[in-house]
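Chemist: Below you will find the structure I want to go over with you.
The values are calculated or read from the model by the stated rules, or taken from the named source; none is laboratory data. Just so it is clear, the structure is predicted and the values come from calculations on it, not from any experiment. In this analysis, Cβ positions are derived from the backbone assuming ideal geometry, glycine residues included, and neighbour counts consider all displayed protein chains.
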Amino acid sequence: MFVSPQISEDKIHKVLPTIKIKIQYLKVITMKLAEALMNRADCQKRIEQLKVRLNRSAKVQEGEHPPEEPKELFQKMNDTL
């Protein structure tokens, strides 16, 4: 059987500010991680859209013009990456 040691109120009051700071830090880290994951999802979506657009622009009949300039699409892809 585990018996928890008695912790004095004095020790609790000394440790409490440190615990509060660590909790705040974890909240900030969690928010930054969530933001990074959302940004990654947005980038992945943009990349997939750019791939489709590049594919459309690459498959053009001789004598016709692509719907979009491939160089500009590649630049957008590089900017996204």
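Chemist: Any idea which of (1) loosely packed, with under 13 Cβ neighbours inside 10 Å; (2) at pLDDT below 90; (3) not polar (S, T, N, Q) is the one residue 77 doesn't satisfy?
Modeler: (1)
Chemist: Sort out which residues of the range 33-74 are loosely packed, with under 10 Cβ neighbours inside 10 Å and of a type in the set (Gly, Ala, Ser), and write them in order of number.
Modeler: Listed by number, the list holds a single entry, 63.
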